[in-house]
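Worksheet for the structure shown next.
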Amino acid sequence: MTAFVIVGGGLAGAKAAETLRAEGFDGDVVLLGSEPDRPYERPPLAKGYLLGKSTRDSVFVHPAGWYAENRVDLRTGVTVAMIDPAAHLVTFDGGTIGYDKLLLATGAHARRVDIPGTGLGNIFYLRTLPESDALRAAFTPDARVVIVGAGWIGLEAAAAARTAGSSVTIVEPLPGALHRVLGPELGGKFADLHRAHGVTFRFGESAAEFLAEGPGSAKVGKVVTTTGAELPADVVVVGIGAVPNDELAKSAGLDVDNGVVTDSALRTSDPDIFAAGDVANSYLPLLGRHLRMDHWSNALNGGKAAAKSMLGQPVEYNRVPYFYSDQYDLGMECSGLPLPGTYDQVVYRGDTTALEFIAFWLNQDRLVAGMNVNVWDVADDIQSLIRSARPLDPTRLSNPAIPLPEV
Ligand SMILES: Cc1cc2nc3c(=O)[nH]c(=O)nc-3n(C[C@H](O)[C@H](O)[C@H](O)COP(=O)(O)OP(=O)(O)OC[C@H]3O[C@@H](n4cnc5c(N)ncnc54)[C@H](O)[C@@H]3O)c2cc1C
C-alpha cells in the first residue's frame, strides 16, 4: 500500500494529514512528531491560553480520537533522525518507515540567546505548551519581568504579563518595537499601546549577561544590558525570533537556505519530498522570490496545499502573507509584508488614537501591505488590492466612506 509520511506534528503536519483524507487518499498516513502532545495551535500559547482564558483542550488541532478515526497513524514523542531519499526511508529512535511521498513539516524553534548566564532558572522561551504553562505560572503580580526582544512574541508576552499584574521592561537593540516587520510608523503605535499599559522599553540596548539573584543562587536576578544597566528580573522571557528546523533536510542533501527550499507547489529539490509551514522557504509567485513565513495561516494553508501536491494535483501556493495578533484589547490582522525599505508612505483610514483603523503601506501608490486594527472583515479586500497591484489614490484610501473595493 502507498505510504505518505509526514515529519512534524504541528499545524502544518496535522492539516496535511486531514487534507490527504479529505481528498480521498486511501493509503497509509503516518504522522511523526517529537512533542509528547498531539498537534496543537501555537498562537493561543501567547494569548488566551497564556492568560488563563482558554482551556488546554481548546488548543489542539483535532480531537484526540480524530487520528484513529481517520486512519492517521499519529506517533508522538518520535523524533526523526535521518531521511534516506534514495531508499525512501525515514529513521527514528526505535524504527524505520518507508515512504512513497514525504512531507517535512518540522517547523521552527525559538532562537537561543548566547550570553553568559543563560543556564540560570526563570529564563523562559515561548514555543511549546509546557513553556506557556511555565510562563503563566511565573507571571505573578509581584514578578519583575524583563523581556528580551520587542517582536511579536515579546509584545504578546508583555501584554500577558501586564494583564497578570507583573511589571515589564523590554530590552530591544533596534530603535523601536516590531521595527523589522512593520517599520517605525506602526511599530511606534504598538510601543505606545504597551507604554499606555505600563510597559517600559529600552530601545537600542541588548541583554549582555544574566546574573543570579544572589551568591549561590541558580535563579536569575538581574539582566545586564549592553549599556551596563542592571535590570532587576525575577523572570526573563527571550523572544528573539524563530529558526527553521531544517537540519534533517540538510543532511538528506535537499536544497536548504533559511529553511527547506521549495517551488510554488511546495516540492523540494527531491521529487518525492515536500515541505510546508515554518520550515519551508517557498517560491511565492506574488513576490517573485522565495519567502519563509513563520505564521499560523501559512502552516494552515501550506499544509493543505502540500497534501494536494503530494497527491499529484496541480498546486500553486501563492497566498498573500497574512499574520494576526491580539494584545490587550487590540486585535489586528496584517496582510502583505510591510518591511522597511519596501514602501514610501503609510496612509490611515479611521481613528488611530482610538485604535480602530486600517493602515496601508504604499509604494509608488501600489499597496504593499494593509493592517486592520480592531476593524474586521476587510482582510480579503486588502489582499485583493495587494494582488491587483494597481495604483491607488491615497486620499480615497483614507476615506472610510469609500468601500475598499471601490478605492
Ligand atoms: C507562542 C507563539 C505564538 C504565535 N502566535 C501567532 C499569531 O498570533 N499569529 C500568527 O500568524 N502566527 C503565530 N505564531 C506562529 C505559528 O504558530 C507558526 O507559524 C505555526 O505554529 C507553524 O506551524 P508548523 O506546523 O509549520 O510548525 P510547528 O508548530 O513548529 O510544528 C512543527 C513540529 O515538528 C516537530 N519536529 C521538529 N523536528 C522534528 C523531527 N525531526 N521529527 C519529528 N518531529 C519534529 C516539532 O517538535 C513541532 O512539534 C505563533 C508562534 C508561537 C510559538
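Any read-out appearing in this document is the output of simple, stated calculations on the displayed coordinates, not a laboratory observation. All of these numbers come straight from a predicted model, not from anything done at the bench. Virtual Cβ from ideal backbone geometry, glycine too; neighbours counted across all protein chains shown.
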Next item on the list: Please check which bits of the stretch 108-126 a label hung off A137 would reach, taking the label as a point 7 Å along Cα-to-C-beta and the cut-off as backbone N under 18 Å.
Entry: 120-126
Checklist line | Gaussian network model of the chain, Cα within-10 Å springs - most flexible of G241, G303, G24 | finding: G24
Margin query: To make sure I understand the rule: partners must be lysines, Cα under 30 Å from the Cα of K219, and not fewer than 8 residues away in the same chain. Which ones qualify?
Written below: K47, K53
Item checked: Helical contribution to [θ] at 222 nm, DSSP H n ≥ 4, -39,500 (n - 2.57), averaged over the chain, rounded to 500 -> -6500 deg cm²/dmol
Note to self: Which of M82, M310, M293 has the fewest other C-beta atoms within 10 Å, and how do the rest follow up to the most?
What the structure shows: M82, M293, M310
Checklist line | trypsin sites (Lys or Arg not before Pro) restricted to DSSP loop in the stretch 149-191 with at most 12 other C-beta within 10 Å | finding: none
Check: Between T352 and A86, 0.36 nm times their residue separation minus their Cα-Cα distance comes to what?
Finding: 90.1 nm
Check: Ranked highest first by average number of other Cβ atoms within 10 Å, how do 202-213, 359-370 line up?
Finding: 359-370, 202-213
Item checked: For the stretch 21-105, with +1 on Lys and Arg beta carbons and -1 on Asp and Glu, the positive-most of H88, P63, L50 along the dipole -> L50
Notebook entry, point to check: Tell me, what is the percent relative contact order of the stretch 59-176, built from C-alpha pairs under 8 Å that lie six or more residues apart?
Noted result: 14 percent
Note to self: Please enumerate, by chain and number, the aspartates and glutamates with C-alpha under 18 Å from the C-alpha of K250, excluding those fewer than 8 residues away in the same chain.
What the structure shows: D84, D263, D270, D272, D278
Notebook entry, point to check: If you take the Cα Rg of the stretch 245-356 and divide it by 2.2 N^0.38 Å, with N the number of residues, what do you get?
Noted result: 1.26
Check: Working out 0.36 nm times the residue gap between D329 and T227, then minus their Cα-Cα distance, what length gain in nm do you get to one decimal?
Finding: 33.4 nm
Checklist line | FRET efficiency for A64 and D272, using Cβ-Cβ distance with R0 set to 30 Å, rounded to 0.05 | finding: 0.45
Checklist line | Stokes-Einstein D for the stretch 319-365, Kirkwood Rh over Cα pairs, 4 °C, 1.567 mPa s (µm²/s) | finding: 108 µm²/s
Check: For the stretch 83-207, what does the alpha-carbon gyration tensor say about shape, rounded, prolate or oblate, given a ≥ b ≥ c as the root eigenvalues, a/c under 1.5 as rounded, and a/b over b/c as prolate?
Finding: prolate
Note to self: Can you compute the charge dipole magnitude of the chain about its Cα centre, using +1 on each Lys and Arg Cβ and -1 on each Asp and Glu Cβ, nothing else charged? Give it in debye, rounded to the nearest 20.
What the structure shows: 340 debye
Next item on the list: Could you list the residues of the stretch 209-241 with an amide nitrogen less than 12 Å from a label point located 7 Å from the Cα of R180 in the Cα-to-C-beta direction?
Entry: 239-241
Check: How many nm separate the modelled label positions at S54 and E23, each set 7 Å beyond the Cα in the direction of the Cβ?
Finding: 2.7 nm
Notebook entry, point to check: Under a Cβ-Cβ cut-off of 11 Å, what is the net charge of the residues other than Q383 that fall near it, where Lys and Arg count +1 and Asp and Glu count -1?
Noted result: -1
Next item on the list: Let me know the whole percent of all Cα-Cα pairs from the chain that are separated by more than 39 Å.
Entry: 23 percent
Checklist line | Fully extended contour minus Cα-Cα distance, from A212 to V243, at 0.36 nm per residue | finding: 8.4 nm
